[in-house]
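Report on the following structure.
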Amino acid sequence: MSVKIKDIQTRMIKEDDGSYSITCSALGVYSSGKTKQDAKKNFVEALELHLSVLREKATKVITA
């Protein structure tokens, strides 16, 4: 099964306490923040970290 970038969706949820959560179940990346801007910033950081770990693991497999 292949996944295309356009098929990956994120969802922003306004929590009961007024904060925001962003989810991307397809990639297993989740984040939150007090404001929409905070949630987006935190999500981008979490996504970058997640992708860097995937890159590192893929590189180890290729070079092994």
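Can you give me the orientation-averaged projected area of the convex hull built on the Cα atoms of the chain, in nm²?
5.1 nm²
DSSP loop (so not H, G, I, E, B), at most 14 other Cβ within 10 Å: list which trypsin sites (Lys or Arg not before Pro) in region 3-64 pass both filters. If you can, show how the numbers build up before the last one.
Values: sites: Lys4, Lys6, Arg11, Lys14, Lys34, Lys36, Lys40, Lys41, Arg55, Lys57, Lys60; in loops: Lys4, Lys34.
Listed in order of number, the matching sites are Lys4, Lys34.
Less than 20 Å apart at the alpha-carbon level, and either on another chain or at least 8 residues along: which lysines does that give for Lys6?
Within the straight-line limit of under 20 Å, Lys6 reaches these lysines: Lys40.
Provide the per-residue ³J(HN,Hα) series for region 24-35, in order, calculated from phi with Karplus coefficients 6.51, -1.76, 1.60 and θ = phi - 60°, each as a whole number of Hz, with x at glycine and proline positions.
These are the phi-based 3J(HN,Hα) values: 9, 4, 4, 9, x, 10, 9, 7, 8, x, 5, 10 Hz.
Can you work out the Karplus-derived ³J(HN,Hα) for every residue in region 43-52? Use 6.51 cos²θ - 1.76 cosθ + 1.60 with θ = phi - 60°, whole Hz, and x for glycine or proline.
Once θ is set to phi - 60°, the couplings for region 43-52 become 5, 4, 4, 5, 5, 4, 5, 4, 5, 5 Hz.
Computed from the coordinates by the stated procedures, all read-outs in this text should not be read as laboratory data. On a predicted model such as this, the values are computed, not experimentally measured, just so you know. Here Cβ is always computed from backbone atoms with ideal geometry, including for glycine, and neighbour counts include all displayed protein chains.
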